[in-house]
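Asks: Structure incoming, see below.
The values are calculated or read from the model by the stated rules, or taken from the named source; none is laboratory data. Bear in mind the structure is a predicted one, so any value in this text is a computation, not a measurement. Positions of Cβ are generated from backbone atoms using ideal geometry, with glycine treated the same way; all protein chains shown enter the neighbour counts. Heads up: the accessible areas ignore ligands, DNA and RNA and are worked out on the full protein's heavy atoms, side chains in. Shrake-Rupley method; radii C 1.70, N 1.55, O 1.52, S 1.80 Å.
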Amino acid sequence: MGDPPQGSFGMNAFIDSIHPFQNGLSSSGMWLRWVDLICLVGALLGTGMMLLRWSQIAAVREGRAVKANPLEWPSTLALLAAVVVGSVQVWMRYREVNHFPSQTMSEVIVMSSFSLLVSMLILHFALQLKSIGYGWAIMGDALLVLVLLGVIGINCYTLTLSSAERDLPPALQSYWFPPHLAALIFSYATLTIAGLVTVIYFCLRFWMGVFRGGYSKGSQLLLLACLLLIPFAQVATIPIFVLMGAVLFLLKLRGHLPGREFMAPVEGTMEEVSYRAFSVGIPFLTAGLFMGAFWAQEAWANYWGWDSKENSALITWLVYIAYIHLRMLGGYRGEKAMAVLAAGAMSVFITFQVFGFLPDSQKSLHRYTDDGVVPTEGMQGKTSDETQARLEVQR
Amino acid sequence: MNLVAEEVDYHIFKDQGYQKLPASMQDEFQQYEAFRWAEGYFIYHLMHLYGIGMPKAPLPPRVSAGLERFGEKYGREEEKNRRKQMTAVFTGREKLNEIGAFIHDHEDELWRAFQVATVLDLNRTYKSSWFATLLGLLGVSVFLSAYRGWRFETRRSARALVWAVWVVVFLLCLRGFGALSLPWAPDMLGLMAAFFVGTWILGSGVPKKRVSLQKAGFFIVHNGLLVLLIGGATSKFTTERGILNLDSRDPTPKDVYYRFFDVHKKARLPFGVSLDRFGRKDWLALQVDFPNEEFTSRPPRYTLWPGRTIELDQVRDESGAERADLRIEVLEVYDHAEVGLVKVHESSDPDAEPLALAELLLDRGGQRSRFLLLPMEGDRARLQAEVLRDPGNAWRLAAANGSDPESHFPKARPGRERIGTIEWSIVGVGDGQPTAIPVVLGETVELGGGYSLTFRQATTDFRTGKDDDKESHHPLPLEKQPLGFAALWVDVQGPDGAEPERRVLFETIDDVQFGRQRGFFYSDVVLRFAYDYWSAPGPPRYVLHWEEHGKGELVMPDGSRVPTSDGQVLPLPGDAEVTVSQLLERADFESNLSFHNSEPDENGWNRAFYEPAHRGVVLRVTRHPGTPEEESQRVELATSQAGNANLWFSPDREVVLQFVENSEMMPFEWRSVLTLWDRDGAGGWKKVALGSEREREIRVNDYLYFRGYRFFQTNADPQVPTYSGIGVVYDPGIPIVLIGMYAIILGGAIAFLVRPAVKGWGTPPKGASA
């Protein structure tokens, strides 16, 4: 991502992204809009499902028989449909470009939004939140709605990027290309969902502190700064922050604001949930990282080139390795562990999207995905050295 | 580091650029230039989060309007992409200026930061000693924590050994069945077996109650990490990397290569390498032009593969929906195309543009060749295709269609014949546009501005080394000379009255383009010569005249006429026999291509990759698809310009397809074939038997391994097609590191994926409440 988004994120862009019947769409473009449309329907169903949970909770409180939530299976079905249609979209793009569609930035981002759907589907069954309790079911619903909305947002952003096809340069024509990309993007998606859980938790904690107190002013300010000032907060944390504030404010008005004792178990469970999401993602992150090394070894007999993207991915991996060690050996639980996990998600974001702005990224091998960047023929080491060496030979 | 001296150099650099610095400092300042740009770029973006305050450069309205029409022809998606790309270019240029200004304003701070980064080795942290130390410490602490409380237990270790043997047997069986075909499989397999045996035995000594999946995962991961660090250290202390520059024209083995990051030090291989072959294949692409549109944007190129469908030329139907009016389907793609002579036949379309053409077969002593003769207009042959001349110089033949054949015989008396035409232009004389004048030998022509030309001599058979730029030394008179390279000697007289300049002009050579013009005395006088093969002196003239398909007459020099028709031999003098093959009124051309694909042999070797060949494609072009006017046509194209085999024009000339090998982007593939040589002890080389060419072939992502060295395809130069840059790596750490990485992946999967799948997540999270 060498340049900021060129288009606008206005209403037009949104309508464009959910309108599959417009003129002149490629088939992958049309299917992408179907994905968005299904996600929109799924998000609406999910929101409805979330609202109906309250009556279920009320029924439990009042000792009445709990009715099944009628929107539960339709919203799960919407998620499933989005995954199926997303696969069709990826397949169509494959047919349009005749290779695994992850070469340009727009292809990679669409792949990541698709992975987000796949990992949500997997986590939906792996986490089994609704079996824990109705409060946790709400949390699962919220996650589903956030992911579906996030997919629409990401796809909206994709439409500001060029969708031009590019031929695969020789180095990318390797059997490692699909697994390397797919493992990394899947792990990014899953770890992003883990990060999302931590964001929900920290927003909840902040607003509970505001409405109920119990936290020091310093920690509240620090939290506020982290939530609002991180790069790209407007698409990552601020919407959740505002939404949670509004919901808790409403609860406070109606006198249903949970008590302070509520936070301790919430912390424990959310931390456990985020850990499970992490556990699904970390093996893929590891495999993706090292598959890149296997590939580089085959291409240049160099398993690690200290390329800036490799370094950034390694730092991300190390943050997660630190997390697992702090959690298992250092006894980190609850908000301390979740803070590290959130740092990991931030690192994923930097590696994946902010990377193009980093000082050392200009000469990176992994800038293939930019528009207008044609990799030079010298693909390893300093090109100037090679040129000079060649000049010497010619002399 | 002498900081004072550096400060001085820095000021020189700041004011005059690094080229003014002593050579020893140039490298560092070049690095600084890269550093300040990278940091400036980063800080600039940090200060303009979300693009706030960045320059906006909207597309000029003219560009925008052009793109709208472009989108109608090439599709909305292409239009949007162009718009995005052009906006990025317009905005990007402004932004880069701002970054440049930012760097300029903060030059001193950036220079300080560069010095700090240099002192701390931040620029290449991974090469620094402190980073290596850190990794060493990591290894030690991983070892200590993984083997905390370890002690040797005979029974446990014996049991572990038995298990380990089973694993090794299993791996060997896999290999026996050919299920594992890793590169250098024996090494890798041995190392992998050693790794698991070691892990198993060592793991048995760690006090834990029982063997669990989690414990196995933990042990495999941590031992994997230790192995990885050992491999990394091996690499760090033993690796040699560089580039070997080979050229397939030079068969002598090379053993000197250039080390990366250390250009001045050459390194030597313990053996020699030479390049047998080098090949590059580009992507096949189709460029679709709409010549009536005159777009300023370059038309897109579509990469071709069998089964691809390209839909273009959007039109709106009654409902307002757009549909493509042109569909191109790729039916077949070939890596070899032979381009034969163009086939001609009478068009089946009665509305086709009239195009008269005579196809003639000339047989001289059993050698047959085909000629296509275009009818002349007037008595001047502008094109060589308008006159067929007897190789034995007994006759020349022109064609006439739709005109009186008599009118084509020149009326000039002998000695006053027109030799050809000259187009002249003189800078500052007249309107500067070229003016055509007839050339008659001996005549002088005033050009204006005081210049004049005198035509001295001509030849149709310029002989290099015998004729010179002053005169022709041809032994035969002009009319008896064979047809070769036509030339004309002229005197250019300038307004200054000086001695005239003698110039020789060649047909088909443009003096300006070939750089001859600058060498002329009157270099402002530009002359272009075209020989007239009909009106110039030569053998007797005959005219083949026809007004309907297949039936015509031969008009003799004396005006008498002999009827002729398709298949008849013309009554011409001399020993060559000319047969009328076809007399056409509305000629239609058809390219004459034959295609085939070269298949690699069973080892994957494809010699054809290295042979220069035209490539072919078969398309189905459909106009107005899905409407009653739908019309499909099979189109064969080759990447050869011979006979325009690479072009296809639609009958209405609204669409032009151009088939190209897209050499502007990265190629489809590069390959090299190497030969390795040992020194024979007597100062010479002897070949190392390394097997077939496929076994000695390297491709991108497929290297050659020999005596610890790995050779991979890394560089090429489109300007020097025989050059191949071969990456050289000596790194014994590679298999060790790979074992470590495989182990970490495996261990991680066991701990995080297999365990929960087998045992579930354990107890549900506590505190389930609402």
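Asks: Just the number, please: Stokes-Einstein D of the range A:91-242 in µm²/s, Kirkwood Rh from C-alpha pairs, 37 °C, 0.692 mPa s. Could the numbers behind the result be given before it?
Replies: Numbers: Rh = 17.6 Å.
This corresponds to a translational diffusion coefficient of 186 µm²/s.
Asks: For the peptides B:340-346, A:112-118, B:32-38, what is the packing order when you average, over each peptide's residues, the other Cβ atoms within 10 Å and list the highest mean first?
Replies: Working: B:340-346: 14.3, A:112-118: 24.4, B:32-38: 18.3.
Descending packing order for the listed peptides: A:112-118, B:32-38, B:340-346.
Asks: Same structure again: Using the alpha-carbon centroid of each, what span in Å lies between the range A:184-235 and the range B:675-750?
Replies: Computed from Cα coordinates, the inter-centre distance equals 50 Å.
Asks: If each of B:L355 and B:D404 carries a label point 7 Å out from its Cα toward its Cβ, how far apart are those two points in nm?
Replies: According to this spin-label approximation, the distance is 3.0 nm.
Asks: When the dipole is taken about the Cα centre of the range A:1-134, and only Lys, Arg (+1) and Asp, Glu (-1) are charged at their Cβ, what size is it in debye, to the nearest 20? Could you put the intermediate results ahead of the total?
Replies: Working: 8 positive and 7 negative charges, 114 e Å.
So the magnitude is around 540 debye.
Asks: Please state the shape class of the range A:303-349: rounded when a/c is under 1.5, otherwise prolate if a/b exceeds b/c and oblate if not, all from the C-alpha gyration tensor.
Replies: oblate
Asks: What Rg and what Dmax come out for the range A:25-163 when only alpha-carbon atoms are used, in angstroms?
Replies: 17.1, 60
Asks: Place a point 7 Å from the Cα of B:E318 along the Cα-to-Cβ direction; which residues of the range A:15-40 have their backbone N under 17 Å from it?
Replies: Under 17 Å, as judged by backbone N against the label point of B:E318, lies no residue of the range A:15-40.
Asks: Moving on. Quick check for me: using +1 on Lys/Arg Cβ and -1 on Asp/Glu Cβ, what's the dipole size of the range A:171-382 about its Cα centre, in debye to the nearest 20? Before the final figure, lay out the partial values.
Replies: Values: 14 positive and 12 negative charges, 177 e Å.
For this selection, approximately 860 debye.
Asks: Suppose accessible area is computed on protein heavy atoms with a 1.4 Å probe; arrange A:F232, A:F125, B:F271 from highest to lowest. The partial results should precede the final answer.
Replies: Numbers: A:F232 45, A:F125 120, B:F271 0 Å².
Result of the area sort, largest leading: A:F125, A:F232, B:F271.
Asks: Chains B and A: buried accessible surface, both sides, probe 1.4 Å, rounded to 100 Å²? Before the final figure, lay out each step's value.
Replies: Values: alone 43190 and 19740 Å², together 55360 Å².
Chains B and A together bury roughly 7600 Å² of accessible area.
Asks: Can you order the peptides B:472-478, A:277-283 by their average number of other Cβ atoms within 10 Å per residue, highest first?
Replies: Numbers: B:472-478: 14.1, A:277-283: 24.3.
Highest to lowest by the protection proxy: A:277-283, B:472-478.
Asks: Using only C-alpha positions, report the orientation-averaged shadow area of the convex hull of the range A:30-70, nm², one decimal. All intermediate terms of the calculation are to be shown ahead of the outcome.
Replies: Working: hull surface 11.3 nm².
The Cα convex hull of the range A:30-70, projected and averaged over all directions, gives 2.8 nm².
Asks: Can you tell me the length gained on complete extension of the stretch B:R707 to B:F485, counting 0.36 nm per residue apart and subtracting the Cα distance? Kindly include the intermediate steps, with their values, before the conclusion.
Replies: Details: separation 222, 0.36 × 222 = 79.92 nm, distance 5.85 nm.
Gain on stretching B:R707 to B:F485: 74.1 nm.
Asks: Oh, and also: Leaving ligands, DNA and RNA out of it, rank B:V656, B:V512, A:V235 by accessible area with a 1.4 Å probe, largest first. If you can, show how the numbers build up before the last one.
Replies: Details: B:V656 20, B:V512 80, A:V235 105 Å².
From most exposed to least exposed: A:V235, B:V512, B:V656.
Asks: Leaving out same-chain residues fewer than 8 places away, which aspartates and glutamates sit with a Cα under 12 Å from that of A:K130?
Replies: A:E72, A:D141
Asks: Name the trypsin sites (Lys or Arg not before Pro) in the range B:554-659 that are in a loop by DSSP and that have at most 14 other C-beta atoms within 10 Å, would you? Show your work: numbers first, answer last.
Replies: Values: sites: B:R561, B:R586, B:R607, B:R615, B:R620, B:R623, B:R634, B:R653; in loops: B:R615, B:R653.
For trypsin sites (Lys or Arg not before Pro) across the range B:554-659 that sit outside H, G, I, E and B with at most 14 neighbouring Cβ atoms in 10 Å, the list reads B:R653.
Asks: Using r as the Cβ-Cβ distance of B:D496 and B:D250, and R0 as 56 Å, what FRET efficiency do you calculate, to the nearest 0.05? Don't skip to the end; give the middle numbers.
Replies: Details: r = 54 Å, r/R0 = 0.96.
Given R0 = 56 Å and the Cβ-Cβ separation, E is 0.55.
Asks: Over the Cα atoms of the range A:171-382, what radius of gyration and what Dmax do you get, in Å?
Replies: That works out to 20.1, 67 Å for Rg and Dmax.
Asks: Using a 1.4 Å probe and ignoring any ligands, DNA or RNA, find the accessible area of A:W306 and quote it in Å² to the nearest 10.
Replies: Counting only protein heavy atoms, A:W306 exposes about 70 Å² to solvent.
Asks: Shifting gears a bit: Let me test this: with uniform point scatterers at the alpha carbons of chain B, what is the Debye-based log₁₀ I(q)/I(0) at q = 0.06, 0.07 1/Å?
Replies: -0.73, -0.93
Asks: Over the range A:126-212, consider all pairs of different Cα atoms and compute the Kirkwood hydrodynamic radius from their mean reciprocal separation; express it in Å, one decimal. Please list the in-between numbers first.
Replies: Working: mean 1/r = 0.0613 Å⁻¹.
By the Kirkwood definition, the hydrodynamic radius is 16.3 Å.
Asks: Quick one: of the DSSP bridges fully inside chain B, what percent are antiparallel, nearest 5? Walk me through the intermediate numbers first.
Replies: Working: 145 of 153 bridges.
Of the beta bridges lying entirely in chain B, close to 95 percent run antiparallel.
Asks: Hey, another quick one. Assuming R0 = 30 Å, can you tell me the calculated FRET efficiency for the pair B:H345 and B:H596, based on Cβ-Cβ distance, to the nearest 0.05?
Replies: Values: r = 25 Å, r/R0 = 0.83.
With a Förster radius of 30 Å, E is 0.75.
Asks: Another question about this same structure. Considering every pair of different Cα atoms, what Kirkwood radius, in Å, is found for the range B:313-433?
Replies: Details: mean 1/r = 0.0489 Å⁻¹.
About 20.4 Å, per the Kirkwood formula over Cα pairs.
Asks: Taking beta carbons within 10 Å but only from partner chains, what does the mean come to for residues A:296-309? Before the final figure, lay out the partial values.
Replies: Values: counts 1, 11, 7, 9, 10, 16, 9, 10, 6, 1, 4, 0, 1, 0.
Per-residue shielding by partner chains comes out at 6.
Asks: Right, something else. Using label points projected 7 Å from each Cα along Cα→Cβ, tell me how many nm separate B:E423 and A:S216, to one decimal.
Replies: 8.9 nm
Asks: Considering only protein heavy atoms, what is the solvent-accessible area of B:M54 at a probe of 1.4 Å, reported in Å² to the nearest 10?
Replies: The accessible area of B:M54 comes to roughly 20 Å².
Asks: Here is a follow-up. Over all residues in B:699-708, what is the mean tally of Cβ atoms on other chains that come within 10 Å of each residue's Cβ? Mind showing how you got there, number by number?
Replies: On the way: counts 3, 10, 13, 3, 5, 1, 1, 0, 0, 0.
Average per residue, whole number: 4.
Asks: Given chain A, what whole percent of its Cα pairs are spread farther than 31 Å?
Replies: Numbers: 32079 of 77815 pairs.
Value for chain A: 41 percent of Cα pairs lie more than 31 Å apart.
Asks: Given the Cα-Cα distance of B:D27 and B:K466 and 0.36 nm per residue of separation, how much length would full extension add, in nm?
Replies: Values: separation 439, 0.36 × 439 = 158.04 nm, distance 5.64 nm.
Computed gain between B:D27 and B:K466 is 152.4 nm.
Asks: Next up: Output the pairs from A:K217/A:K336; B:K236/B:K686; B:K56/B:K80 with a Cα-Cα distance over 27 Å in this structure; if there are none, say none.
Replies: On the way: A:K217/A:K336 18 Å; B:K236/B:K686 33 Å; B:K56/B:K80 18 Å.
Over 27 Å apart, Cα to Cα: B:K236/B:K686.
Asks: Moving on to the next point. Suppose the chain between B:K266 and B:W605 were pulled fully straight at 0.36 nm per residue; how much longer would it get relative to their current alpha carbon spacing? Write out the running numbers ahead of the final one.
Replies: Values: separation 339, 0.36 × 339 = 122.04 nm, distance 3.34 nm.
Length difference between fully extended and current span is 118.7 nm.
Asks: Using only protein heavy atoms and a 1.4 Å probe, report how much of B:F295 is accessible, in Å² to the nearest 10.
Replies: Only protein atoms counted, so the area is about 50 Å².
Asks: Same structure again: Let me know the whole percent of all Cα-Cα pairs from the protein assembly as shown that are separated by more than 41 Å.
Replies: Numbers: 415133 of 678030 pairs.
Every Cα pair in the protein assembly as shown considered, those over 41 Å come to 61 percent.
Asks: Let me ask something additional. With all protein chains present and a 1.4 Å probe, how do A:L71, B:L583 order by accessible area, largest first?
Replies: On the way: A:L71 45, B:L583 0 Å².
Highest to lowest solvent-accessible surface, that is A:L71, B:L583.
Asks: Along the Cα→Cβ direction, 7 angstrom out, place labels at B:E153 and B:R620. What is the inter-label distance in nm?
Replies: Roughly 7.3 nm, to one decimal.
Asks: Using a 10 Å cut-off around each Cβ of peptide A:253-263, what is the average number of partner chain Cβ atoms that fall inside?
Replies: Working: counts 0, 0, 0, 0, 0, 2, 0, 0, 1, 3, 1.
So the per-residue partner count for this stretch is 1.
Asks: Something else now. From the backbone phi of the range B:394-411, what are the Karplus-calculated ³J(HN,Hα) couplings (6.51 cos²θ - 1.76 cosθ + 1.60, θ = phi - 60°) in whole Hz, Gly and Pro given as x?
Replies: Going residue by residue, I get 9, 7, 9, 10, 10, 10, 9, 8, x, 8, 6, x, 4, 5, 8, 7, x, 9 Hz, with x marking Gly and Pro.
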